[in-house]
1. Residues of region 45-61 being without any contact (Cβ under 8 Å) to a residue 12 or more places away in the chain and either among the small types (Gly, Ala, Ser) or loosely packed, with under 13 Cβ neighbours inside 10 Å (or both), which ones?
2. Quick check on residue 370: is it surrounded by fewer than 20 Cβ atoms within 10 Å (Cβ to Cβ), at pLDDT below 95 and closer than 15 Å to residue 106 by Cβ?
3. Any residue in region 335-352 that is of a type in the set (Val, Ile, Thr), surrounded by 12 or more Cβ atoms within 10 Å (Cβ to Cβ) and outside the structural domain of residue 285 (by TED's automatic domain parsing)?
4. Can you tell me which residues in region 249-274 are closer than 24 Å to residue 201 by Cα and more than 9 Å from the ligand (Cβ to nearest atom)?
5. Quick test of your reading of the structure: residue 100 fulfils all but one of (1) surrounded by 15 or more Cβ atoms within 10 Å (Cβ to Cβ); (2) hydrophobic (A, V, I, L, M, F, W, C); (3) closer than 27 Å to residue 352 by Cα. Name the failing condition by number.
6. Would you confirm, using the coordinates I've provided, whether residue 295 is assigned to a strand (DSSP E or B), more than 13 Å from the ligand (Cβ to nearest atom) and in the same structural domain as residue 344 (by TED's automatic domain parsing)?
7. Mind telling me which of the residues 11, 4 ends up being out of contact with any strand residue (DSSP E or B) (no Cβ under 9 Å at 6 or more places or on another chain), in a helix (DSSP H, G or I), over 20 Å from residue 75 (Cβ atoms) and aliphatic (A, V, I, L, M)?
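The values are calculated or read from the model by the stated rules, or taken from the named source; none is laboratory data. Remember, predicted model here, so these are calculated numbers, not experimental data. Don't worry about glycine lacking a Cβ; one is built from the backbone with ideal geometry, like all the others, and counts go over all protein chains shown.
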Amino acid sequence: MDDLDSLTNSLLAEIGRADSAAALEELRIAALGKKGTITGLVKTLGAMDAEERKVKGAAFNAAKDRIAAALDARRAEIAARELDARLAFERVDVTLPVRAEAQGRIHPVSQVTEEVIAIFAHMGFTLAEGPDVEDDWHNFTALNIPPDHPARQMHDTFYLQDDKAAAAPAGAGAGGNRPALLLRTHTSPVQIRHMQANRPPYRIIAPGRVYRSDSDMTHTPMFHQVEGLVIDRDIHMGHLKGCLEEFLRAIFGIPDLRYRLRPSHFPFTEPSAEMDIGCSRKGGVLKLGEGDDWLEILGCGMVHPRVLEYAGVDSNQWQGFAFGLGIDRIAMLKYGIPDLRAFFEADVRWLRHYGFAPLDVPTLSAGLNR
Ligand code: DAH
């Protein structure tokens, strides 16, 4: 029995000293494996008489159990220690600032969108959104563009498969009662969705992607707009003028930027206007805020009462203005980017040149025009 005790004790001591899973496995094989020391002792049972076998058998089993338990315990200790070491080694301090060498750049469209949001947020506007896949009713009809209105042709609409037939003026039956689905041609349907889902007054902007089947230097099939909507009990053209003047001067960083409101036509506003900003085109170079030339920058007007009624708003109690402008165009003008198509080519060199540092989040306090 002494042999067994001393063997067991020396094995337990070795197990206690083992410092890796591999070393433990070697010890297990040396003790309990087919040719292990303990296994060797167990094999001597065969030559014993029944009485002795009973006593020693029980002792061997007890020793085996102790060794197996010691192996398990030590294995768990080693695993815990290895995990601790790994956690310490891979520790990330999330409070550290972003490394200066970070390579990512913010796309000019994202940057200008954030700038526009910062300016209007400062004026108390909140953000609204709508779906890119719109139905014919929200994109056109509810904006006072009935099925046979020529503006529908002008929008070069992308219809979803088979939906053009459903949208055809005479073909009310062709698409059944299902509204034709399309890619929204402007952000104006967000006005309708927001008014349907909320009670007046409203003061929102809605930036987003819009789609038209058109492509050249200054047109891409997908581009970006921001829609604005302000509805209250006594909002008038003076508010529209002041709000947009404030916006244009802030976004271009030109405090005395000249502008004019020019009469125009949109089905969803009455009266409608376009806003131009002062510029010079001397020598073919466009300069904002100089000279005596004009550049068209946005569409706007007083929301047509019919649009309010379509959206479920009582036009005898509520009135206000809306506007829409192209984000990509603002980015081109503000940052001197000549070709719109490059915006969407995902060329890393272009992005490195025209993109913005990730931490340059536009805020009015820090300045938008760095
Ligand atoms: N939806 C128009 C377009 O895409 C832009 C626009 C003009 C929006 C006047 C408006 C507005 O809200 O009042 O061409």
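1. 46, 47, 49, 50, 51, 52, 54, 55, 58, 61
2. Details: surrounded by fewer than 20 Cβ atoms within 10 Å (Cβ to Cβ): yes; at pLDDT below 95: yes; closer than 15 Å to residue 106 by Cβ: yes.
For residue 370, the condition - surrounded by fewer than 20 Cβ atoms within 10 Å (Cβ to Cβ), at pLDDT below 95 and closer than 15 Å to residue 106 by Cβ - is met.
3. So the first thing to find is which residues in region 335-352 are of a type in the set (Val, Ile, Thr), and the list is 337, 348.
Imposing the further condition that a residue be surrounded by 12 or more Cβ atoms within 10 Å (Cβ to Cβ) reduces the set to 337.
Applying the additional criterion that residues be outside the structural domain of residue 285 (by TED's automatic domain parsing) yields none.
No, region 335-352 contains no residue that is of a type in the set (Val, Ile, Thr), surrounded by 12 or more Cβ atoms within 10 Å (Cβ to Cβ) and outside the structural domain of residue 285 (by TED's automatic domain parsing).
4. First pass over region 249-274, keeping only residues closer than 24 Å to residue 201 by Cα: 266-273.
Selection gives 267, 270, 271.
5. (1)
6. Numbers: assigned to a strand (DSSP E or B): yes; more than 13 Å from the ligand (Cβ to nearest atom): yes; in the same structural domain as residue 344 (by TED's automatic domain parsing): yes.
Answer is yes for this residue.
7. Values: 11 fails: over 20 Å from residue 75 (Cβ atoms).
Result: 4 is the single residue among 11, 4 that is out of contact with any strand residue (DSSP E or B) (no Cβ under 9 Å at 6 or more places or on another chain), in a helix (DSSP H, G or I), over 20 Å from residue 75 (Cβ atoms) and aliphatic (A, V, I, L, M).
Per-residue answers, yes or no, for (1) closer than 22 Å to residue 335 by Cβ; (2) surrounded by fewer than 20 Cβ atoms within 10 Å (Cβ to Cβ); (3) among the hydroxyl-bearing types (Ser, Thr, Tyr):
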residue	(1), (2), (3)
194	no, no, no
197	no, yes, no
202	no, no, yes
209	yes, yes, no
213	no, yes, yes
218	yes, yes, yes
227	no, no, no
236	no, yes, no
241	no, yes, no
